[in-house]
Protein chains: 2
Amino acid sequence: MKQVKDTRSRILDTAEELFSEHGLDRVSIRDITRKARVNLAAINYHFGTKEDLVGAVFERRVIPVNQARMAALDGVEKAAGKKSPKLEEILGAFIRPTITYSLDPSQNNKTFSRLFGRCLTEPSPELEALLKKQFEPLVERMDAALMKTLPHLSRSEIFWRMKFTFGALHHWLLTKDKFLPTWLEAIEVEAQTQKLISFAAAGFRVA
Amino acid sequence: MKQVKDTRSRILDTAEELFSEHGLDRVSIRDITRKARVNLAAINYHFGTKEDLVGAVFERRVIPVNQARMAALDGVEKAAGKKSPKLEEILGAFIRPTITYSLDPSQNNKTFSRLFGRCLTEPSPELEALLKKQFEPLVERMDAALMKTLPHLSRSEIFWRMKFTFGALHHWLLTKDKFLPTWLEAIEVEAQTQKLISFAAAGFRVA
DNA sequence: CTTTGGTTCATACAACCGTTTCAAACGAGC
DNA sequence: GCTCGTTTGAAACGGTTGTATGAACCAAAG
């Protein structure tokens, strides 16, 4: 086995970094292998095609984040017992894991938030299928939790409001350190997160 | 002059269509010229580089949309007279023009919404500068109007809520006919727009 | 020691990229 | 009719792309 894992994960790390910085299409396989100091053929050997590599990069992050979301949702529902969980807590279970994972420096995740936001706009059909597979069960659980807490809303209504929340979250992840005016007072990420959660919660509470 | 305009605008139309469908980087100038039935060199002759073409495609749409937003804001403020305009009307002035322009079939705009949503995630520095230039004055006017209507909110607070609104809008534009579950009841675009506006308005009204 | 199965390497491949070139075609003004 | 500036055309440029090939390498198994 030698240091297979070394090569494989060095490719994954470098690819993630470059993809999130420049976009999937502006990064060539040669850019990745050069920066990872790995042979050109290593990518095709370990992952198959470039598209397979893209999938692997996404899966490595999306799966844990969505698992963390599920776990957070579990925790929120268990804590609420028989009562319905608070709206802010449900939304927090959806929003917070992306922050946690995108800022944890121990896992080379500094750049993950941008990658994550990006994955929604890159139009590869295979990537779209992957996303759908990764998000469908989560969205279903979210819907169920929200319907319990907001029983007066129809499932369709919840769907649209989730879409808006999703958009706000991902646009924020993608641009949270871009387009900032000079006069803006800098605030912590946690404070930004709370702003987003209460913004979305208010949107969900509309009659 | 002959049919210069014909060639030029046929390139613009085709480029817009292909860019919005496949993304900026997945479309080559050969794809464009082939589909537009125009000589390969025509793009470089009329626009310079491919990046210049991208800029031209965006500008042709972004400028009118933002002008329409400005005009709508003017109308809302004039109608309110000395009083502050209603929050929903301000947000509508920002949101509605993107709908109007992305659905008007008389201007080949069927695909514009996707292009528009896409332009925020493609990381070209020149495009970013173009966007900043096109949006800064608009955002300033929006901020001013919102501060007048919501005087208890700080400018920074309004900035973040605008970012969330922006994200919800653009994610919606980008995916409004994607990832739709089978059980979802179909509704008109106007109804979706109203949902978005009241969602965002509620977020702005949080104390 | 030799074989084996997995991994790395340099190199080659065909296809495509954005851009340039320059001759041909063109309509307007004299 | 004949220039003249503008627009189109076919072809080529050098460079890069993703992928494939087959030899070299290496740890572990027999």
Checklist outcome for this item: With +1 at each Lys and Arg Cβ and -1 at each Asp and Glu Cβ, the charge dipole magnitude of chain A around its Cα centre, to the nearest 20 debye, comes out at 220 debye
Next on the checklist: On C-alpha positions alone, give me the angle between the axis of helix B:189-205 and the longest principal axis of chain B, in degrees, nearest 10.
Outcome noted: 50 degrees
Checklist entry - Which whole number gives the average count of other chain Cβ atoms within 10 Å of the Cβ atoms across peptide A:166-179? => result 6
Checklist entry - Just how many % of Cα pairs in the protein assembly as shown lie over 43 Å apart, if you round to the nearest whole percent? => result 14 percent
Checklist entry - How far apart are the A:Ser28 label points across copies, placing each 7 Å from Cα toward Cβ, in nm, shortest first? => result 1.3
Item to check | Rel. contact order, % - alpha carbon contacts under 8 angstrom, at least six apart, region A:61-207 | outcome: 30 percent
Checklist entry - What is the dipole size for the protein assembly as shown, taken about its Cα centre, with +1 at each Lys and Arg Cβ and -1 at each Asp and Glu Cβ, in debye to the nearest 20? => result 60 debye
Checklist outcome for this item: Sorted shortest first, the nm distances from the B:Arg205 label point (7 Å along Cα→Cβ) to its counterparts in the other copies are 1.0
Checklist outcome for this item: In debye to the nearest 20, the charge dipole size for region A:27-82, taken about the Cα centre with +1 at each Lys and Arg Cβ and -1 at each Asp and Glu Cβ, equals 240 debye
Item to check | Spatial separation of Cα centroids for region A:140-155 and region B:14-71, in angstrom | outcome: 42 Å
Checklist entry - Could you give, in nm with one decimal, how far A:Phe135 is from each other copy of that position, shortest first, with labels 7 Å out from Cα toward Cβ? => result 1.9
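Express the Stokes-Einstein translational diffusion coefficient of region A:18-115 in µm² s⁻¹, to the nearest whole number, given a Kirkwood radius over alpha-carbon pairs, 4 °C and a viscosity of 1.567 mPa s.
Rounded, D is 83 µm²/s.
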Checklist outcome for this item: Largest first and rounded to whole Å, the semi-axes √(5λ) derived from the alpha carbon gyration tensor of region A:115-186 read 27, 20, 9
Item to check | Cα shape, region B:45-177, gyration tensor, a/c 1.5 rule | outcome: prolate
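Bear in mind that the values in this text are calculations on the coordinates, not laboratory data. Predicted model only: the values in this text are computed from it and were never measured. No Cβ is skipped: glycine too gets one built from the backbone with ideal geometry, and neighbour counts run over all protein chains shown.
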